[in-house]
Amino acid sequence: MKSKNIGKKKLKKTTVKKSTKMKAIHKTAKTNFNENDSDEIEEDMPSYMNEVDEDDLEDEGEKHKQDLEKLKQSDPEFYKFLQENDKKLLDFNLSDEEVDDDQSESGNAKDREVHEPEENLEVASDESDYEADDADETKLKDSRIITHKLLKVWSTEIHTDKTNKTIIALIQAFHAALNTVTTQEEIQESAIFKVEGSAVFNGVIQLCVLELGPAIRRFLGIHQGSKMPAHKCKKFIKIKRVLKGYFTDLLKLLLGVTSSNIQTVLLKHLHYMSGLLVSYPNITKSLVKQLVHLWGTGDDSIRVLAFFCILRITNNQQVAVLETVLKAMYMTYVKNCKFVTFKGLAAINFMRRSLVELFALDANYAYQHVFLYIRQLAIHLRNAITVNKAENVQSVYNWQFISSLQLWGNLLSVCYNKKTMQSLVYPFIQICIGTIKLVPTAQYYPLRFHVVQIMMDLAKETGVFIPVMPFLLEVLTTCDFNKKHQKVSMKPLHFTCLLRLSKSQLQENGFKDMVIETVYGQLLECLSAQSHTLAFPDLSLICITQIKTFLKNCKNPNYTRKFKQFIEKVEQNSQFIEKERSKSTFNITDFKQIDGFETQIKIKGTPLSTFFENWNKLRTIKKNKQLTNNEEIGDYDIPTIKRSKKDMNKSGGPVELFPSDSDDEGDEEENKNRKKRGKRGGKNVKKRSADESGPIEDTGEKDIVEDIEMADW
């Protein structure tokens, strides 16, 4: 009852106080409040605000809150005054109210129990708030780091796991290993795994290279030898995104790696994984460009592996990739053919053969590119003929132009059975003939021989008759072989890597020797290719007459001896063909029987063809020795030093580590005296020379080591 009455009195006094305070506000509207005024107002506040029983605390608190809300709505100015001067009244909280001293003394023991802090309390440091976060970060870092144990677990699970869990983990580890090479810290922090150390890096790369490809095929259900693309498998969606990232990382690794051993491993792995690239055409184009770069600039083994990868990718995606592959490979081939040397000749030949193989994949599609490139060569030749300037001539007489002719000659010989390619043979031969006739001087004889060899190879493979012999016989008639040379060549000339001869080379004796050797070999090769035909006696007649005129004019016996032997073999072969031709009874217009007759003679063999085969074997052996300088290395004698047995320590005492100079001078005087005795020619000298082959006796003399002069080397 007392508590209820107190609540009523409280409400009445608050309302009364409200009216008095309203008057005070109106009075102080003209003047500002002072601190003393605020203190007086606080003294006028009722003292029974805190005198509340514990039974009705909740009811009174709710009523008090309601009254304050009404006061806020009815008199906002007074409420604002309370906010500024008496916040405790507004922030009413029953738990925060203080209990009177009388009640605290008469209260229960439970009310008097107050928590007292200990005397020695540890003051928390500023870093204590962050210790838990650092511990969590270290745990996360430890879980991210890849160890050897984890790699062993993955290597076992990848064979048994039928899900994509291990495959994804391996690809993410490969990405983390690649991030260790990069310098971007943001990428390294965002990675799921972290690779530390070269051993773990190599382990991750090795595990991906060896096990990832077979695991992906097992997961997708692709059997060995099946041509089904990966994107048609049901489970491909689960690894599509991750596998795309793996191919991009593999491309980055190929771009950054310079070691040939690592490149071979990655290219072998890419060759195995190339079947999966069908589903990623955008990545395939960038990968092909890098493979073409390796095909053009890498070592021999890397060139071969890169070509195998390109060939497999183009076979799988011929429609999408073939155009970019042909263009990129042709441009790299032309760039590498700018300078031809003996060291780079093998690489250029490999590039030409591999490019021919790629063009031969689809002859109908390749015809468009080949037509444009041959037309481009014809335009260069036309400009050189019409303008007749040094710059235009140089655009034709260079290694890039000749290498392009070699490429298209090989391609036409391989694809001659395709009707689309047969139409390009005639314009190609016309370009070759025009190239020879552009500057028909002795200075460009090596270029002539290269172009003639291209036409002979094309005629040999296709069976098309190409008039090659006039360009070789022209050399014998135009060049004066009786003129004495002005210089002696120390080394023999080789036309393999030459297109143009200098004036000093034209004055050497090696120039004429090499010209006669080349003309002799190419005439022999050209006639041996036609030695089984019925028209061989007629073809060889003009050649024999011109060579006989050359023999009458030439006075060098070394040159005439070769061509006399050549005439004998050609006449012998023509007699053989005439005998076989006399036995035949078929009509001249019956081409099928003529082809059968020629094939039978070709299988049997002709005298000229057998002679050419034997001669060609000896020529190739001799040419390889000259190119590799094997003859010089074999004939070179390395000077040797003869040594006699060293003096034994007869006294058995300690050996002198640093003997005095006087002893050496005495020994030198003794050696000089012995040499003088040998020059006089005593009897003992003959005995020693006779017994040199026998066992060496210990005469007590020291070793005589003579200085070797530079001239001896």
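Just a few scattered comments:
- The length gained by stretching the chain between GLU578 and LYS622 to full extension, at 0.36 nm per residue less their Cα-Cα distance, is 12.3 nm.
- For region 233-379, convex hull volume per residue from C-alpha positions, Å³: 114 Å³
- Applying 1/(1 + (r/R0)^6) with r as the Cβ-Cβ distance of LYS232 and GLU157 and R0 = 35 angstrom yields a FRET efficiency of 0.85.
- Label-point separation in nm, LYS70 to ASN364, each point 7 Å along Cα→Cβ: 9.9 nm
- Restricting region 220-329 to trypsin sites (Lys or Arg not before Pro) that sit in a DSSP loop and have at most 10 other Cβ atoms within 10 Å of their own Cβ leaves LYS227, LYS234.
- Global geometry of region 544-623, whether rounded, prolate or oblate, following the gyration tensor of its Cα atoms and the 1.5 cut on a/c: oblate
- Pair-distance profile P(r), taking every C-alpha pair of region 524-586, with 10 angstrom steps and integer %: 20, 47, 24, 7, 1
- Here the Kirkwood formula, the inverse mean of 1/r across different C-alpha pairs, assigns region 174-298 a hydrodynamic radius of 15.6 Å.
- The modelled label-to-label distance between GLN318 and LEU551, using points 7 Å beyond Cα along the C-beta direction, is 5.5 nm.
- Legend: P(r) of region 309-361 from all alpha carbon pair distances, 10 Å bins from 0, whole percents, reading 24, 50, 22, 5.
- Surface composition of region 489-625: carbon and sulfur make up 54 percent of the accessible area, probe 1.4 Å.
- Here the label points at ASP299 and THR147, each 7 Å from Cα along the C-beta direction, are separated by 3.7 nm in the simple model.
- Legend: residues THR585, THR496, sorted from most to least accessible area (1.4 Å probe; ligands, DNA and RNA excluded), read THR585, THR496.
- Three-way shape call for region 197-239 based on the alpha-carbon gyration tensor, with the a/c threshold at 1.5: prolate
- Rounded, prolate or oblate (a/c below 1.5 giving rounded, otherwise prolate when a/b exceeds b/c) for region 349-439 by Cα gyration tensor: prolate
- HIS485 accessible area, 1.4 Å probe, all protein chains in place, Å² to nearest 10: 90 Å²
- Dividing the Cα radius of gyration of region 419-459 by its Kirkwood radius returns 1.05 for Rg/Rh.
- FRET E, pair GLN422, ILE262, Förster distance 51 Å, beta-carbon r, rounded to 0.05: 0.65
The values are calculated or read from the model by the stated rules, or taken from the named source; none is laboratory data. All values derive from a computational prediction rather than experimental measurement. With ideal geometry, Cβ positions are generated from the backbone for all residues, glycine too; neighbour counts draw on all protein chains shown. Note: areas computed on protein heavy atoms with side chains; ligands, DNA, RNA excluded. Shrake-Rupley method; radii C 1.70, N 1.55, O 1.52, S 1.80 Å.
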